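Chemist: Could you have a look at this structure, given as structure tokens, before my questions?
The values are calculated or read from the model by the stated rules, or taken from the named source; none is laboratory data. All of these numbers come straight from a predicted model, not from anything done at the bench. With ideal geometry, Cβ positions are generated from the backbone for all residues, glycine too; neighbour counts draw on all protein chains shown.
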């Protein structure tokens, strides 16, 4: 029998149904793998007792023929989702030992369908980062290593050598899925935080259309951009998980009242007759020839499968990232005003209330979060609001219109690279200039600005043996086409062999 | 546009984040790097363009204006660092 941790969600579901193994056995296999992988720092909190109790309940429901669509499937949860009576930190010190009295809608949807929670996954602080290096709980180690790399676990079990980052902000989610420490993970994406780590770790990640998943109970970063989505090892698994995570929610007014399609049914639809756009503005200066070749290859695969490939133009592409670095910090500065040292989380005493706020926030927030709050405060401040914030929101309208024009011309989906490079090493980027790190999201951020769905699918390896991903961007609320198209890429590229557990 | 050290201190105060003298120069450098990066937005002609207010075209859902939740002070207060008689405790704000 294949190792239980190496199954896909679809295979595990079928195996549980056929009673080849129990949910308890499946969960135990993952708990063992997580214990041996602590050096990767993917989980910030393991919840084995809860996992085993949930698995036992799943086994009982399976025996009674009452299995849900994710019955007994062990998942990891990004620590941005509030989980009832389980400490939720958002990767920050400022939340302290925050223990929510409520469950986020997305995770509740998963539990309602029978899924099992293995624990909470590491992430960049408040989801602000592209490498998981801003986490208050330390960086996540990517299970991937460059060819010939000397990264290993030393005698103490700690990582030695310059390891690679898993991407971010959903770095723990991506690393855990790639290292077989869960069958799938929840993640969130404000500027690329699902798709970039998926691309860096050879996994699949989809950010659905804004409004597809409820944001209720998920710690807010930039409310007009934040969306939850899954990271999994196959396109089919993402379709299965997203269906469960999505759906209307009276507690979030921005969550749409649309029925959730059977995403899994769309996976085998194929691309015959679809028009796929290749945006010329994504051919950026200094793009590596490997990424360029992979992009061509992706288009060729889709053409061979029956799609029509057309060049399209999205003229405002280059302005998406700078506009994002006004809109997202502005919204963050407002959202993060709630961390005041009074109602929850870290408190540093002060001589008066303002001093208490200032000291608590200075001690609780990390550097990246502080600078984004400050940029946001500046662009919203008197005299600068029109020049920065209103202008950025106008540019956002133009970015959205670019996409609408292309879709009105009959294009069904757009193919781009997911990231400008493969994963980099820890400490290699952004130490002097924060913008160097921000450039990681150049291909993904347009999608958030326009509220569209985007999926990253592994498509090949670079010369150093590291995974590279392609991104497909869809029409609003047409994730189905992304699953169909993503499956064609996955089939053509062949499954990447994920890393052997050198860390165990 | 770029910010001077005085402005950095003013922004930090508006954001309610205490900064030390050592923090200010590097914060100034980082903020100016970001501000210089976003400068390119000035190239774009935005005349007559509506600023985005909602990314998906949808009518906002409305609900009955009624109380649907509450009456559990212990849940509201359970994560508060300091409480007294079902209140949050803060330093004295009125003389």
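Chemist: Looking at (1) over 21 Å from residue B:8 (Cβ atoms); (2) within 11 Å of another protein chain (Cβ to nearest Cβ), find the lone condition where residue A:413 falls short.
Modeler: Answer for residue A:413: the failing condition is (2).
Chemist: What number of residues within segment A:259-281 satisfy the criterion of being surrounded by 15 or more Cβ atoms within 10 Å (Cβ to Cβ) and either in a loop (DSSP other than H, G, I, E, B) or touching a helix residue (DSSP H, G or I) at 6+ places or on another chain (Cβ under 8 Å) (or both)?
Modeler: Adding up the residues that qualify gives 15.
Chemist: Of the residues in segment A:403-427, how many are surrounded by fewer than 20 Cβ atoms within 10 Å (Cβ to Cβ) and over 25 Å from residue A:468 (Cβ atoms)?
Modeler: 5
Chemist: Listed residues B:19, B:8, B:44; which is within 8 Å of another protein chain (Cβ to nearest Cβ) and closer than 21 Å to residue A:391 by Cβ?
Modeler: B:44
Chemist: Return a yes/no flag: does segment A:314-321 have any residue that is on the phi < 0 side of the Ramachandran plot, touching a residue at least 60 places away in the same chain (Cβ under 8 Å) and surrounded by fewer than 20 Cβ atoms within 10 Å (Cβ to Cβ).
Modeler: yes
Chemist: Quick check on residue B:70: is it surrounded by fewer than 17 Cβ atoms within 10 Å (Cβ to Cβ), more than 8 Å from chain A (Cβ to nearest Cβ) and not in a helix (DSSP H, G or I)?
Modeler: Taking the combined requirement at face value, the residue satisfies it.
Chemist: Also, I was wondering about something else. Where residues in segment A:439-465 are farther than 20 Å from residue A:209 by Cα and surrounded by fewer than 24 Cβ atoms within 10 Å (Cβ to Cβ), which of them is nearest to the chain's Cα centre (by Cα)?
Modeler: A:439
Chemist: Within segment B:22-41, work out how many residues are within 12 Å of residue A:371 (Cβ to Cβ) and at the interface with another protein chain (Cβ under 7 Å from one of its Cβ atoms).
Modeler: Counting residues in segment B:22-41 that are within 12 Å of residue A:371 (Cβ to Cβ) and at the interface with another protein chain (Cβ under 7 Å from one of its Cβ atoms) gives 5.
Chemist: Of everything in segment A:451-484, what is part of a loop (DSSP other than H, G, I, E, B) and either within 14 Å of chain B (Cβ to nearest Cβ) or closer than 12 Å to residue A:235 by Cβ (or both)? Give them in sequence order.
Modeler: Passing the criteria: A:451, A:452, A:453, A:475, A:476, A:477, A:478.
Chemist: Something else: Testing residue A:371 on (1) under 25 Å from the mean Cα position of the chain (by Cα); (2) closer than 29 Å to residue A:489 by Cβ, one condition comes back false. Which one is that?
Modeler: Of (1) under 25 Å from the mean Cα position of the chain (by Cα); (2) closer than 29 Å to residue A:489 by Cβ, only one is false for residue A:371: (2).
Chemist: If you take the residues in segment A:189-218 that are out of contact with any helix residue (DSSP H, G or I) (no Cβ under 7 Å at 6 or more places or on another chain) and away from every other protein chain (no Cβ under 14 Å), which one is farthest from residue A:456 (Cα to Cα)?
Modeler: A:194
Residue-by-condition table, conditions (1) at negative phi; (2) modelled with pLDDT under 95; (3) within 14 Å of chain B (Cβ to nearest Cβ):
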site	(1), (2), (3)
A:428	yes, yes, no
A:431	yes, yes, yes
A:443	yes, no, no
A:449	yes, no, yes
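Chemist: Name the single residue, out of those in segment A:372-387 being facing chain B (nearest Cβ under 7 Å) and in a helix (DSSP H, G or I), that is surrounded by the most Cβ atoms within 10 Å (Cβ to Cβ).
Modeler: By that ranking, first place goes to A:373.
Chemist: OK, next. Considering only segment A:339-367, how many residues are assigned to a helix (DSSP H, G or I) and buried (at least 20 other Cβ atoms within 10 Å of the Cβ)?
Modeler: Count: 7.
Chemist: For residues that are assigned to a strand (DSSP E or B) and over 26 Å from the mean Cα position of the chain (by Cα), scanning just segment A:153-182, find the one that is nearest to residue A:500 (Cα to Cα).
Modeler: By that ranking, first place goes to A:153.
Residue-wise test of (1) part of a loop (DSSP other than H, G, I, E, B); (2) on the phi > 0 side of the Ramachandran plot; (3) surrounded by fewer than 21 Cβ atoms within 10 Å (Cβ to Cβ).
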| residue | (1), (2), (3) |
| --- | --- |
| A:72 | yes, yes, no |
| A:75 | no, no, no |
| A:88 | yes, no, no |
| A:92 | yes, no, no |
| A:97 | yes, no, yes |
| A:101 | yes, no, yes |
| A:108 | no, no, yes |
| A:111 | no, no, yes |
| A:117 | no, no, no |
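Chemist: Which count do you get for residues in segment B:83-95 that are surrounded by 13 or more Cβ atoms within 10 Å (Cβ to Cβ) and more than 7 Å from every other protein chain (Cβ to nearest Cβ)?
Modeler: 1
Chemist: Further, regarding this structure: Here is a check on your reading of the model: is residue B:1 farther than 30 Å from residue A:85 by Cβ, within 7 Å of chain A (Cβ to nearest Cβ) and at pLDDT below 95?
Modeler: no
Chemist: Within segment B:5-27, can you find the residues that are assigned to a loop (DSSP other than H, G, I, E, B) and in contact with a helix residue (DSSP H, G or I) (Cβ under 7 Å, 6 or more places away or on another chain)?
Modeler: B:15, B:16, B:17, B:18, B:19
Chemist: What is the number of the single condition among (1) in a helix (DSSP H, G or I); (2) over 30 Å from residue A:451 (Cα atoms) that residue B:30 does not meet?
Modeler: Failing condition for residue B:30: (2).
Chemist: Looking at segment A:1-60, which of its residues are part of a loop (DSSP other than H, G, I, E, B), within 20 Å of residue A:175 (Cα to Cα) and at pLDDT 95 or above?
Modeler: The answer is A:7, A:8, A:37, A:41, A:42, A:47.
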